[in-house]
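Notes to accompany the following structure.
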Amino acid sequence: MKRREIIKMLGLSAVVGSAGLMAACSMNDSKVEENADTLAEKAKEAVVELSERDKKIVNRQELSFYDPEKPTDFELKHTPQIDVLAKDKDGFTEIKISVGQKGIVHPTEENHWIDYIKFWADDKLVGNILYEAGIAGGFAYFKLKLDNVKSLKAEIGCNIHGIWKHTLNL
Ligand SMILES: [Fe+2]
């Protein structure tokens, strides 16, 4: 092979080679961009926008009386009270849940309120209510058939002071 032919061949293969490499690179770039777009979309879907209400709920720690013999007013104010009231002709018993105990009522303000009440008959969740700040006080009424029910349990959430529970054995 003559020197000129060898140089020509090398030049051609270099052009073909670099074109192939460029194609491979550009394919990789577009795939990378495609993957980045997909990931960005998935990230957007994964981000849960908190409502203004949820942004105010800053404490989900479970709390209870430090000394059950001597509960403080603060502890009583956050502990749900369960009052079993009258039974109607159809066999449903009216039950009132209020927060807190011994007449110490938890406040209902824009930035401090009872944001939910959950209620169980034995292990069965029978009620789960969300409350709006500033307008809905931490109260609930239920009508339940209490046949064979051994205990009632209420759980409340104060947006600032955490989660408090009370169980009433029947
Ligand atoms: Fe509170």
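Quick notes
- Relative contact order of the range 26-170, taken over Cα pairs closer than 8 Å and 6 or more residues apart, is 26 percent.
- Among 156-166, 59-69, sorting by the average number of other beta carbon atoms lying within 10 angstrom of each residue, highest first, gives 156-166, 59-69.
- Under 28 Å from K56, Cα to Cα: lysines that are on another chain or at least 8 residues apart: K42, K44, K77, K96, K102, K118, K153, K165
- Residue-count net charge about D122 - beta-carbon cut-off 11 Å; Lys, Arg +1, Asp, Glu -1: +2
Taken together, the values in this text are just the output of simple stated rules run on the coordinates, not laboratory data. Since this is a predicted model, take the numbers as computed values, not measurements. Counting neighbours? That spans all protein chains shown, and the Cβs are built from the backbone with ideal geometry, glycine included.
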